[in-house]
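One structure below.
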Amino acid sequence: MEETAVMKNPDSVIRADEPISDFKETTPEALYQKLIATIRKYRLSTDLSMIEKAYQVATEAHKDQRRKSGEPYIIHPICTAIILAELELDKETIAAGLLHDVVEDTDYSKAQLTEVFGSDVAELVDGVTKLTRLNYDADKVEQQAENLRKMFLAMAKDIRVILIKLADRLHNMRTLEYMKPEKQKEKARETMDIYSPIASRLGISKVKIELDDLALSYLQPDTYNTLVEQVNKKMMYNNNYIVNLIEEVSDVVKEAQIEATVNGRVKHFFSIYKKMVNQNKTLDQVYDIFAVRIIVDSVRDCYAALGVIHEKYTPIPGRFKDYIAMPKPNMYQSLHTTLMGKNGQPFEIQIRTMEMHRTAEYGIAAHWKYKENPNGTGINNEEEKLSWLRQILEWQRDMKDNREFMSLLKSDLDLFSENVYCFTPNGDVKNLPKGSNPIDFAYSIHSAVGNKMVGARVNGKMVNIDYTIHNGDRIEIITSQNSKGPSRDWLKIVKSSQAKTKINQWFKQELKEDNIIRGKELVDKYCKAKGIVLSDILKPQYLNKVLKRYSCHDWDSMLASIGHGGLKEGQIINRILEEYEKLNPKPVSDAEVLTKVEESIAKAENQPKPMRSKSGITVKGLTDVAVRFSKCCGPVPGDEIVGFITRGRGVSIHRTDCINMMNLPEMERDRLIEADWQEDAVKMAGEKYEADINIYCENRTGLLSDISKILTERNIDVTAMNSRTSKSGQATISMSFAVTSKDELNQLIAKIRSVPNVTDIERTTG
């Protein structure tokens with residue numbers, strides 16, 4: 001639901017009520033009393049000693065802290081708890097809301113919380129703390145996808161974790177005015193991209209509508225302020241008409257002897273803005289800015305009220321939606337119809353029961369009830385309400401590619417898209433993304449049906465498999481045991497993530513043995529060419545770290561990925577070799593050094609000098625070719641590299657472990673070309689190459705100075721540096737600098753790694 005309530009008051013003034021109470025400029029004590037009063041409204045007999053204790057602990061823990069606004073920090077957790085209470089959540093959730101920042105921002109530990117409040121509250125606080133530590137960057141797809149993965153896993157473990165996080169974010173957005181402008185935009189974008197869609201998917205419109213409007217007000221303040229002014233003028237101008245319309249509808253329903261409550265609502269600003277932008281409309285063309293809402297006692301009364309309303313007013317064709325028979329994925333149910341008023345002004349009517357209204361306002365919070373038994377534990381069986389969440393978790397298990405996960409999530413999770421409703425031959429309703437075809441439908445029934453599909457009938461007629469499904473279509477899938485399985489072309493036309501995942505699974509499983517054999521051949525060939533004894537390095541202490549880095553369960557899975565082109569054999573073997581050399585440094589004697597030098601001199605004298613490329617790169621045996629080094633992964637001499645033929649800019653050089661190359665679409669892989677460093681690339685006129693690293697460390701005074709000293713001593717030219725520290729004291733230092741080779745870079749990394757408090761260093765990979 002995407003509206004803000006509007007009520008008719010004695011002065012016949014239409015106003016937009018706040019979805020959830022807002023509290024400003026008051027004392028912690030007054031807010032706490034407000035919290036207790038809110039809880040008492042729906043839990044008259046509940047013992048609130050746990051909440052009283054949580055308030056005392058939080059007050060003591062945050063006593064010396066203040067917010068950016070200058071007010072005592074404890075006001076924030078109290079307001080978070082009030083929002084949770086207005087969603088009518090259990091006392092454990094509200095206590096966790098009061099305590100949600102104590103582990104993150106104070107010396108209080110999870111163990112102490114467990115001892116005082118029990119494991120339930122402690123786990124909730126710990127879950128919120130872990131989500132708080134997620135760093136958001138809209139430009140970094142990998143990071144954003146990983147954050148969403150963790151968030152969905154937290155939701156699956158206990159949905160209350162995300163409810164607390166949403167309440168926390170809502171209050172932070174209300175007080176965002178005290179942040180710097182760049183921080184305001186960052187938090188607003190994060191809210192719009194992640195938290196608002198999740199609130200929508202959970203059906204909590206009371207939270208979603210305010211998050212949307214607050215985010216818009218910071219992302220596009222001029223647009224927002226203009227829209228607010230225009231809507232207010234429009235509502236004041238039509239005030240008498242709206243009041244009379246509500247009274248008229250009330251009389252019509254009353255005459256039909258239907259018990260009902262009739263009021264009105266105004267669409268919230270972001271929803272109006274989105275409709276104007278997406279449908280290229282002016283404000284005057286948005287007909288559902290205002291709607292009349294009829295709340296009745298039963299589903300039967302919903303349809304009875306619809307009948308008398310359609311008899312009284314002329315319905316506009318194509319503008320009726322039955323969300324009772326076919327609910328939205330977030331459980332929203334209501335009848336929507338657009339009618340023509342007596343003055344020629346269109347208006348919308350929504351008809352629902354009180355239970356449907358509660359679900360529209362509170363979503364999962366209205367259904368996910370934590371019923372207390374005599375032992376104080378236990379929940380009812382409402383997990384079927386989160387079938388969509390189980391679907392996401394299935395994707396996470398099946399999909400290791402973060403970019404693919406993000407693409408499927410945004411296109412088909414229905415956080416961001418509309419649905420189409422269709423029927424099986426037995427009359428069961430199927431809910432698919434808009435634009436779906438019979439292949440999507442087949443896989444929504446079962447993967448075996450999709451894999452054996454050879455055709456489809458829609459409404460009794462044969463159709464092409466790329467037919468676009470419309471609302472109300474009755475679809476029958478034709479299967480054959482002689483089918484050889486799905487076609488790779490299907491991946492280009494299906495719309496649902498479920499279908500894409502299952503088709504990919506079929507190909508990976510069907511061809512896994514062949515891919516393992518091919519991967520083994522590629523690895524053996526590479527090791528033979530490089531003189532590497534595979535049995536020496538293929539041991540758990542060297543292999544496990546590499547398996548974890550590339551999200552492979554075992555060596556066979558990694559070979560299969562190499563076999564189908566997902567990973568390059570060179571990058572994998574070199575990674576394992578690096579781990580081997582860390583634990584087995586090879587001593588070199590003076591005699592060996594002298595021998596190698598003599599051999600190199602003799603070899604150089606006996607061989608003709610090769611043609612030199614200005615870049616130090618040979619592309620498929622050619623030296624005279626325009627190349628440029630990619631910014632995403634910063635290759636340096638000694639790295640395993642590959643060329644990518646760009647459009648009009650020559651060849652760009654990437655490391656083979658560059659994420660952009662690893663995730664290259666199949667159709668783009670033809671543009672890859674073999675590339676290597678010339679033997680004397682390191683010596684070429686003192687040529688230097690830019691490298692990027694991330695240094696992870698525990699923050700302390702003088703840390704940056706110690707690292708800078710190492711760079712200065714080695715005459716390393718630093719071109720960029722950025723440092724950021726989390727609330728928990730974990731620092732990340734990102735650096736760009738110029739080096740001549742991978743050996744020089746590795747020596748530098750080893751030296752920095754020895755600096756106290758440095759925990760890890762990694763090169764950027766895209």
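The values are calculated or read from the model by the stated rules, or taken from the named source; none is laboratory data. This structure is a prediction, so every number in the text was calculated from the model and none was measured. Positions of Cβ are generated from backbone atoms using ideal geometry, with glycine treated the same way; all protein chains shown enter the neighbour counts. Accessible surface areas use protein heavy atoms only, side chains included; no ligands, DNA or RNA. Shrake-Rupley method; radii C 1.70, N 1.55, O 1.52, S 1.80 Å.
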Please indicate, with yes or no, whether at least one residue in the range 293-310 is out of contact with any strand residue (DSSP E or B) (no Cβ under 8 Å at 6 or more places or on another chain) and among the hydroxyl-bearing types (Ser, Thr, Tyr). no
Can you say whether VAL253 is β-branched (Val, Ile, Thr), in a helix (DSSP H, G or I) and under 30 Å from ARG300 (Cβ atoms), as far as the supplied structure shows? yes
Complete set of residues in the range 523-548 that are surrounded by 14 or more Cβ atoms within 10 Å (Cβ to Cβ) and either more than 15 Å from ARG575 (Cβ to Cβ) or under 27 Å from the mean Cα position of the chain (by Cα) (or both): LYS545, VAL546, LEU547
Of all residues in the range 722-747, which are more than 23 Å from GLY638 (Cβ to Cβ), surrounded by fewer than 15 Cβ atoms within 10 Å (Cβ to Cβ) and of a type outside the set (Val, Ile, Thr)? ASN722, ARG724, SER726, LYS727, SER728, GLY729, GLN730
Please go through the range 505-528 and pick out each residue that is part of a helix (DSSP H, G or I) and among the aliphatic types (A, V, I, L, M). ILE516, ILE517, LEU522, VAL523
Tell me, yes or no, whether the range 686-703 has at least one residue that is within 30 Å of VAL102 (Cβ to Cβ) and part of a helix (DSSP H, G or I). yes
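For every residue, the table says whether it meets (1) touching a Ser or Thr at 6+ places or on another chain (Cβ under 8 Å); (2) at pLDDT below 90; (3) of a type outside the set (Ser, Thr, Tyr).
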site: ASP251; (1), (2), (3): no, no, yes
site: THR261; (1), (2), (3): no, no, no
site: LYS267; (1), (2), (3): yes, yes, yes
site: THR282; (1), (2), (3): no, yes, no
site: GLN285; (1), (2), (3): no, yes, yes
site: ASP301; (1), (2), (3): yes, no, yes
Residue check: is GLN505 more than 30 Å from LYS582 (Cα to Cα) and in contact with an Asp or Glu (Cβ under 8 Å, 6 or more places away or on another chain)? yes
From (1) part of a helix (DSSP H, G or I); (2) more than 20 Å from LEU163 (Cβ to Cβ); (3) open to solvent by 30 Å² or more (accessible area, probe 1.4 Å), pick out the condition that doesn't hold for VAL57. (3)
Just checking: which of the helices (runs of 4 or more DSSP H) contained wholly in the range 428-503 hold 1 or more residues that are over 27 Å from the mean Cα position of the chain (by Cα) and surrounded by 16 or more Cβ atoms within 10 Å (Cβ to Cβ)? 438-445, 447-451
By residue number, the members of the range 174-212 that are surrounded by fewer than 22 Cβ atoms within 10 Å (Cβ to Cβ) and over 19 Å from the mean Cα position of the chain (by Cα) are ARG174, THR175, LEU176, GLU177, TYR178, MET179, LYS180, PRO181, GLU182, LYS183, GLN184
Going residue by residue through the range 275-289, is there one that turns out to be closer than 21 Å to GLU355 by Cβ, more than 30 Å from the chain's Cα centre (by Cα) and either buried (at least 22 other Cβ atoms within 10 Å of the Cβ) or of a type outside the set (Val, Ile, Thr) (or both)? no
Return the residue satisfying two criteria in turn: it lies in the range 217-233 and is open to solvent by less than 50 Å² (accessible area, probe 1.4 Å) and farther than 17 Å from LEU283 by Cα, and of such residues it is modelled with the lowest pLDDT. LEU219
Find all pairs meeting these conditions: Cβ atoms under 7 angstrom apart; at least six residues apart or on different chains; first residue within the range 748-765 and more than 15 Å from MET721 (Cβ to Cβ) and surrounded by fewer than 18 Cβ atoms within 10 Å (Cβ to Cβ); second residue of a type in the set (Phe, Trp, Tyr) and at pLDDT below 85. THR759/TYR696; ASP760/TYR696
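Quick one: which residue in LYS91, LYS130 is basic (Lys, Arg), within 20 Å of SER726 (Cβ to Cβ) and open to solvent by 10 Å² or more (accessible area, probe 1.4 Å)?
Only one candidate qualifies: LYS130.
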So the check is Cβ under 8 Å with 6+ separation or different chains; which pairs have a first residue in the range 465-493 that's within 22 Å of ALA325 (Cβ to Cβ) and a second one that's assigned to a helix (DSSP H, G or I)? ILE469/PRO438; ILE469/ASP440; ILE469/PHE441; ILE475/PRO438; ILE475/PHE441
